[in-house]
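Scroll down for the structure; my scribbles are underneath it.
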Amino acid sequence: MKRYSLMVVVCSLVAGFVGGALSGKVFAVRPVAQALDTVVARAVKAQGFYVVDKNGALRASLHERALFLGDENGKFGVMLSTESGLVLSEQDKKLRVTLHKDGLTLYDENGKKRALLVKDFLGFYDENGKPRIAVFAGGGEGGKIGIALWDRNTNLYAWYGGSVINFSENGKSRTVIGKDGLYLFDENEKLRAVLGVAELEKTKTGEGITTAPSSLVLFDKEGKMIFKAPSE
């Protein structure tokens, strides 16, 4: 009987020890779970985040209004911001691409602008950043639609729109091809020849006449008609 009582006491002690140990484990897990819930429920706040590679070089940084991505030397080549948009650059910080709300700009290896795309306009530039070709899509009231060409001295020498216009080096019209005919001008921008429709004035009566589309009319340097075919 005493032996049975002793076994009961020992079993009770062991059960109490094990139960206490297990209860400690169970109750120890609860604060951890609560802490995890707190971390998940709350946002992480910081003024910036930085990412480095295995060598400690800065490869990315995120700030309030911009994201920067860099190379293995820690030099940033990509920037995305709320103010400048998307900017791509070389290791020497020369711009190559900018993309923002107003348009797209492309640069060459020397940082010179070579192409620009904005609303209703596409332009191409030479190695000196001077305009050479522009395409106009007629934006805005009275906007033009056509293609403009410039020489290396930034002189406009051709326009392809409702009419085809060729300009001299000083920007004066020399040749115009339109829906009504071909018009040739001299260095002073005086009309010298018309193949097609021309507005003429009869010298005696002052009455205006319009030539037929098949007409050829020549003028002198003073603007006076010196030849017309057909004559009537």
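A short reminder: the numbers here are calculations on the coordinates, not readings from a lab. It should be emphasised that the depicted structure is a prediction, and the values quoted were computed from it without experimental measurement. In this analysis, Cβ positions are derived from the backbone assuming ideal geometry, glycine residues included, and neighbour counts consider all displayed protein chains.
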Checklist outcome for this item: Simple spin-label estimate for L58/F227, 7 Å along Cα→Cβ, in nm, reads 7.6 nm
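Return the loop-located trypsin sites (Lys or Arg not before Pro) in the range 163-228 (DSSP other than H, G, I, E, B) with at most 14 other Cβ atoms within 10 Å of their own Cβ; answer none if there are none. Please list the in-between numbers first.
Values: sites: K172, R174, K179, K190, R192, K202, K204, K221, K224, K228; in loops: K172, K179, K190, K202, K204, K221, K224.
In loop regions of the range 163-228 (DSSP not H, G, I, E or B), the sparsely surrounded trypsin sites (Lys or Arg not before Pro) are K172, K179, K190, K202, K204, K221, K224.
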Item to check | Cross-link pairs beyond the 31 Å C-alpha cut-off, checked among K112/K179; K75/K101; K93/K172; K130/K224; K101/K144 | outcome: K112/K179; K93/K172; K130/K224
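For M225, M79, what's the fewest-to-most ordering of other Cβ within 10 Å of each Cβ? Spell out each step's value before the answer.
Details: M225 14, M79 18.
In order of increasing Cβ crowding within 10 Å: M225, M79.
What is the gain in length, in nm to one decimal, between K179 and I209 on full extension, counting 0.36 nm per residue of separation less the C-alpha to C-alpha distance? Don't skip to the answer; put the middle values down first.
Details: separation 30, 0.36 × 30 = 10.80 nm, distance 1.84 nm.
Answer, rounded to one decimal: 9.0 nm.
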Checklist outcome for this item: Computed on Cα atoms, the radius of gyration and Dmax of the range 50-105 in angstrom are 11.8, 39
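Can you divide the C-alpha Rg of the range 96-210 by 2.2 N^0.38 Å and report the result to two decimal places? If you can, show how the numbers build up before the last one.
Numbers: Rg = 19.1 Å, N = 115, 2.2 N^0.38 = 13.4 Å.
For the range 96-210, the normalised Cα radius of gyration is 1.43.
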